[in-house]
Amino acid sequence: QVYRTLGLNQSEIDAYFTGPAFLAWNRMGNLRGWAGPLPPAWHLKQLYLQYRIVERMRSLGMTTVLPAFAGHVPQGVLRVFPHVNASRLGGWSHFDCTYSCTYLLDPEDPMFQVIGTLFLKELIKEFGTDHVYSADTFNEMTPLSSDPAYLSRVSNAVFKSMTGADPEAVWLMQGWLFQHQPDFWQPAQVRALLRGVPLGRMIVLDLFAESKPVYQWTESFYGQPFIWCMLHNFGGNHGLFGTVEAINHGPFAARRFPNSTMVGTGLVPEGIEQNDMVYELMNELGWRQEPLDLPSWVTRYAERRYGAANAAAAGAWRLLLRSVYNCTGVCVNHNRSPLVRRPSLHMDTELWYNASDVYEAWRLLLSAGTELGSSTNFRYDLVDVTRQAAQQLVSDYYLNIRRAFQSHALPELLTAGGVLVYDLLPELDSLLSSHSLFLLGRWLESARAVATSDREAEQYELNARNQVTLWGPSGNILDYANKQLGGLVLDYYGVRWSLFVSALVESLNSGSPFHQDQFNQAVFQVERGFVYNKKRYPAVPAGDTLEISRKLFLKYYP
């Protein structure tokens, strides 16, 4: 509405917004246009959804946060106002200027205040306000100058555009940029950006505090209040993971920090539908005065989760607590398992835990199946732990494949490759297909359900497929948001592995070397083919989870 008021035409607006699966990165100035344009119906439905969200939050006494103007603008602004001072940012991640390199309005240009204030006034008119606004101008984008005076002027301008519409405005800002580009954000630069806003009128999210806290090297954000946040998950990846010791102690240490300005705890995962236990734990810590005794906490957690005490289930959870959930040091949770990555001869199979603890937890959970099998939470966890065991097994078969190839042992290569491609991956796929929360069909159907026409449904489905696979037109951030879903394992990861094993067999048979570059080109056609295959996947589960897990266990338990 604001851009139209200013005189931009629809095609200029369409060229700016990304498709729905990539809007978060559009908001932060990383991407433009990719997987768009947004249909008019999308904007309307979002508007009505927002009314309902805001109303529900306020009825529960929650404080809503509205988005403010961070300075990123469509190119059309330069046509309507040819004299504005806007500079083009560089490409983001592995994207070139086709879908990246957005324009940033100079915060000192008078148009910055005009657009920023106009936008907030529209928002407030539409939704009312609780006076907290979010804006991220430099998220993974390098500012034009490292001069502290410039950075101070930027944050002051962003804040001024907020107070122009709401004199009581408080700016909520992600602190990710400081730990993401520490070479640029030295103490002087951080201080300048934070102190460009009056103390107390900005709240910083220490976004990745469980692994890379920023408050410690910035004198508690130089006096601005901050929230100690657990990020935990990137890309909504499946995979058992947690940093329970860091979570259990971190918030209390932050409170005790000299002149601490910590005002709360937060959860900020990129995707939340995995590792329920970690979020349960983090939420509980906000109500505690001191760290928990974790083994006894997790024993009670198992009982609460399944609705009954069970020694085997509690034992399984204590094993998971000390292994997968106890990553220490700087832990960054991107699932790098060969299962969900493009195959090569140089794949990462490192684990931060003892694989045998997961196999034993799997055995214990299965033994509790007779007693707890009617609990929906138990069935979910059984899928998840069996899936983790299978993920570990994929690494073992991969190592066997690589070893056989490197020692020119064709029979061993055919055996290991055959078991992986024709048995283990199909079995994993059928396990995942037995639970509704692990279905590709559910993921795709929920995207289609937002549509108001067939054409929109196609676009939304392509967005949903691209996000979990190629993440961009050409695999720009390939497998960043990998998921282990029934349908995806068979038709995407499985097909890739099949192609890889065939290429290695062909190489040994013909005596010609395996070329990763050639393989990448061939496998990209498979990956892209999956995004556009239009196949409909079931949105309802099939098969008995307990039975399938037991069958996998009898075949594969080491």
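The values are calculated or read from the model by the stated rules, or taken from the named source; none is laboratory data. Predicted, not measured: the structure shown is a model, and the values here were computed from it. Positions of Cβ are generated from backbone atoms using ideal geometry, with glycine treated the same way; all protein chains shown enter the neighbour counts. With ligands, DNA and RNA removed, areas are computed over all heavy atoms of the protein, side chains included. Shrake-Rupley method; radii C 1.70, N 1.55, O 1.52, S 1.80 Å.
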Which of (1) over 21 Å from LEU49 (Cα atoms); (2) within 20 Å of the chain's Cα centre (by Cα); (3) not acidic (Asp, Glu) is the odd one out, the single condition ASN463 does not satisfy? (1)
Of the residues in the stretch 122-144, those that are open to solvent by less than 40 Å² (accessible area, probe 1.4 Å) and of a type in the set (S, T, N, Q) come to THR129, SER134, THR137, ASN139
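Here's the yes/no breakdown for (1) farther than 30 Å from THR469 by Cα; (2) among the hydrophobic types (A, V, I, L, M, F, W, C):
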site: GLY271; (1), (2): no, no
site: SER296; (1), (2): yes, no
site: ARG300; (1), (2): yes, no
site: ALA316; (1), (2): yes, yes
site: LEU320; (1), (2): no, yes
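In the stretch 357-376, how many are without any contact (Cβ under 8 Å) to a residue 40 or more places away in the chain and either closer than 13 Å to ALA308 by Cβ or open to solvent by 60 Å² or more (accessible area, probe 1.4 Å) (or both)? Explain how you work it out, then say what you get.
Here is the first cut: in the stretch 357-376, the ones without any contact (Cβ under 8 Å) to a residue 40 or more places away in the chain are 357, 370, 374, 376.
Those still in the list that are either closer than 13 Å to ALA308 by Cβ or open to solvent by 60 Å² or more (accessible area, probe 1.4 Å) (or both) too: 370, 374, 376.
Residues in the stretch 357-376 being without any contact (Cβ under 8 Å) to a residue 40 or more places away in the chain and either closer than 13 Å to ALA308 by Cβ or open to solvent by 60 Å² or more (accessible area, probe 1.4 Å) (or both): 3 in total.
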Considering the stretch 304-320 alone, what residues qualify as being more than 18 Å from ASN283 (Cα to Cα), in contact with a helix residue (DSSP H, G or I) (Cβ under 8 Å, 6 or more places away or on another chain) and part of a helix (DSSP H, G or I)? TYR306, ALA312, ALA313, ALA314, GLY315, ALA316, TRP317, ARG318, LEU319, LEU320
Which number in (1) within 21 Å of ASN85 (Cα to Cα); (2) surrounded by 22 or more Cβ atoms within 10 Å (Cβ to Cβ); (3) not hydroxyl-bearing (Ser, Thr, Tyr) marks the one condition that ARG153 misses? (2)
Residues of the stretch 150-170 being more than 20 Å from PRO110 (Cα to Cα) and not in a loop (DSSP other than H, G, I, E, B), in sequence order, are VAL170
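If we keep just the residues of the stretch 76-97 that are of a type in the set (S, T, N, Q) and under 17 Å from LEU144 (Cβ atoms), which is modelled with the lowest pLDDT?
Let us first name the residues in the stretch 76-97 that are of a type in the set (S, T, N, Q), namely 85, 87, 93.
Going one step further and asking which of them are under 17 Å from LEU144 (Cβ atoms), we end up with 85, 87.
Details: ASN85: 96, SER87: 93.
Within the stretch 76-97, the match that is modelled with the lowest pLDDT is SER87.
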Looking only at the stretch 66-80, and only at residues there that are hydrophobic (A, V, I, L, M, F, W, C), under 18 Å from SER11 (Cβ atoms) and in contact (Cβ under 8 Å) with a residue 40 or more places away in the chain, the one that is surrounded by the most Cβ atoms within 10 Å (Cβ to Cβ): VAL73
Considering the stretch 24-45, residues that are under 20 Å from MET173 (Cβ atoms) and of a type outside the set (A, V, I, L, M, F, W, C), and then whichever is most open to solvent (accessible area, probe 1.4 Å), we arrive at ARG27
Residue satisfying condition, being part of a helix (DSSP H, G or I) and open to solvent by 50 Å² or more (accessible area, probe 1.4 Å), within set TYR48, TYR99: TYR48
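Here is a yes/no grid of residues against (1) in a helix (DSSP H, G or I); (2) in contact (Cβ under 8 Å) with a residue 12 or more places away in the chain; (3) among the β-branched types (Val, Ile, Thr); (4) open to solvent by less than 10 Å² (accessible area, probe 1.4 Å):
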site: GLY200; (1), (2), (3), (4): no, yes, no, no
site: VAL204; (1), (2), (3), (4): no, yes, yes, yes
site: ALA209; (1), (2), (3), (4): no, yes, no, yes
site: LYS212; (1), (2), (3), (4): no, yes, no, no
site: SER220; (1), (2), (3), (4): yes, yes, no, yes
site: CYS229; (1), (2), (3), (4): no, yes, no, yes
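Open to solvent by less than 40 Å² (accessible area, probe 1.4 Å), part of a helix (DSSP H, G or I) and either touching a Lys or Arg at 6+ places or on another chain (Cβ under 9 Å) or at pLDDT 95 or above (or both), is that true of TYR301? Reasoning before the result, please.
Numbers: open to solvent by less than 40 Å² (accessible area, probe 1.4 Å): yes; part of a helix (DSSP H, G or I): yes; either touching a Lys or Arg at 6+ places or on another chain (Cβ under 9 Å) or at pLDDT 95 or above (or both): yes.
When the stated conditions are applied, TYR301 passes them.
Only one of ARG342, ARG300 is of a type in the set (Lys, Arg) and without any contact (Cβ under 8 Å) to a residue 24 or more places away in the chain; which?
Values: ARG342 fails: without any contact (Cβ under 8 Å) to a residue 24 or more places away in the chain.
Among ARG342, ARG300, only ARG300 is of a type in the set (Lys, Arg) and without any contact (Cβ under 8 Å) to a residue 24 or more places away in the chain.
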Look through the stretch 377-412, keep the residues that are among the small types (Gly, Ala, Ser) and open to solvent by less than 10 Å² (accessible area, probe 1.4 Å), and return whichever of them is farthest from LEU554 (Cα to Cα). ALA404
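Picking from VAL54, VAL77, which residue would you name as being outside any loop (DSSP other than H, G, I, E, B), in contact with a helix residue (DSSP H, G or I) (Cβ under 7 Å, 6 or more places away or on another chain) and under 24 Å from LYS125 (Cα atoms)?
When all the criteria are applied, what remains is VAL54.
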Restricting attention to the stretch 413-446, which residues are open to solvent by less than 40 Å² (accessible area, probe 1.4 Å) and of a type in the set (A, V, I, L, M)? LEU413, ALA416, LEU420, VAL421, LEU424, LEU425, LEU428, LEU431, LEU432, LEU439, LEU440, LEU444
Flag for TRP176 being of a type in the set (Phe, Trp, Tyr), at pLDDT 95 or above and within 19 Å of the chain's Cα centre (by Cα): yes
Residues that are open to solvent by 40 Å² or more (accessible area, probe 1.4 Å), out of contact with any strand residue (DSSP E or B) (no Cβ under 7 Å at 6 or more places or on another chain) and in contact (Cβ under 8 Å) with a residue 12 or more places away in the chain: does the stretch 261-269 have at least one? no
Among all residue pairs at least 6 apart or on different chains, which show Cβ distances below 7 Å where the first residue, located in the stretch 399-419, is in contact (Cβ under 8 Å) with a residue 40 or more places away in the chain and the second is of a type in the set (S, T, N, Q) and surrounded by 13 or more Cβ atoms within 10 Å (Cβ to Cβ)? LEU399/THR349
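Quick one: how many residues across the stretch 102-121 are closer than 12 Å to ASP166 by Cα and either in a loop (DSSP other than H, G, I, E, B) or open to solvent by less than 10 Å² (accessible area, probe 1.4 Å) (or both)?
Kept after step one, since they are closer than 12 Å to ASP166 by Cα, are these residues of the stretch 102-121: 116-121.
Checking which are either in a loop (DSSP other than H, G, I, E, B) or open to solvent by less than 10 Å² (accessible area, probe 1.4 Å) (or both) leaves us with 116, 120.
Going through the stretch 102-121 one residue at a time, the tally reaches 2.
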